1. Which of the numbered conditions does Leu109 fail, given that it passes all the others? Conditions: (1) more than 11 Å from the chain's Cα centre (by Cα); (2) surrounded by fewer than 16 Cβ atoms within 10 Å (Cβ to Cβ).
2. Please pick out the residue among Gly100, Gly66, Gly54 that is out of contact with any Asp or Glu (no Cβ under 6 Å at 6 or more places or on another chain), surrounded by 15 or more Cβ atoms within 10 Å (Cβ to Cβ) and of a type outside the set (D, E, K, R).
3. Hey, among the residues in segment 29-39 that are outside any strand (DSSP E or B) and not hydrophobic (A, V, I, L, M, F, W, C), which one's surrounded by the most Cβ atoms within 10 Å (Cβ to Cβ)?
4. When you scan segment 49-62, do you find a residue that is farther than 30 Å from Pro125 by Cα, touching a strand residue (DSSP E or B) at 6+ places or on another chain (Cβ under 7 Å) and not in a strand (DSSP E or B), even just one?
5. List pairs: first in segment 67-90 and assigned by TED's automatic domain parsing to the domain that holds Gly104, second surrounded by fewer than 15 Cβ atoms within 10 Å (Cβ to Cβ) and among the hydroxyl-bearing types (Ser, Thr, Tyr), Cβ under 8 Å, 6+ apart or cross-chain?
6. Only one of these is within 30 Å of Pro124 (Cα to Cα) and surrounded by 15 or more Cβ atoms within 10 Å (Cβ to Cβ): Leu26, Leu42, Leu93, Leu88. Name it.
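The values are calculated or read from the model by the stated rules, or taken from the named source; none is laboratory data. Owing to the predicted nature of the structure, the values given are computational and were not obtained by experimental measurement. With ideal geometry, Cβ positions are generated from the backbone for all residues, glycine too; neighbour counts draw on all protein chains shown.
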Amino acid sequence: MLPSGSLPEEYSDGYFTNSAQEVVILTRHLSYIGLKSDQALLTLAAPTSKIHLGSVTQLKLEGGSGSGLAELTSLTPGICQVTDAGSLTALALGSCSVVGLRLGDGLYLNATSNYLESMVVAKPPSAPVSNPMLIK
């Protein structure tokens, strides 16, 4: 708590709370203070909640703000792999978890997407192809 509206002698600069419970930044020298904004909502989506073992599906990362690069990360790399372009490959049966990140830039902070859960399931068996014979 800042007892008065001025910087105490023992400090050259700092963040304080004033009597109105507001944060006050005080300094004894010229300073540049940059504040960044939160990005718009960043969402990660898949066309389906199930993916067949060995197949590839395309994820979609939308939203965010600014010019920061987008990254996708598999939190279960033994089950699925993902590229930054959004190609998700199912490697093993189980639950695949992916998260997106849009890096910050000069105006915006980093933004994290929702966690996307997909189930990697076995491919359905192929129906046998019958080759009917002509009988006379």
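1. Only one criterion in (1) more than 11 Å from the chain's Cα centre (by Cα); (2) surrounded by fewer than 16 Cβ atoms within 10 Å (Cβ to Cβ) is unmet by Leu109, namely (2).
2. Gly100
3. Looking at residues that are outside any strand (DSSP E or B) and not hydrophobic (A, V, I, L, M, F, W, C), I get Gln39.
4. no
5. What qualifies is Leu72/Thr83; Leu75/Tyr115; Thr76/Ser95; Ile79/Ser95; Val82/Thr73; Thr89/Ser55; Ala90/Ser55.
6. Leu88
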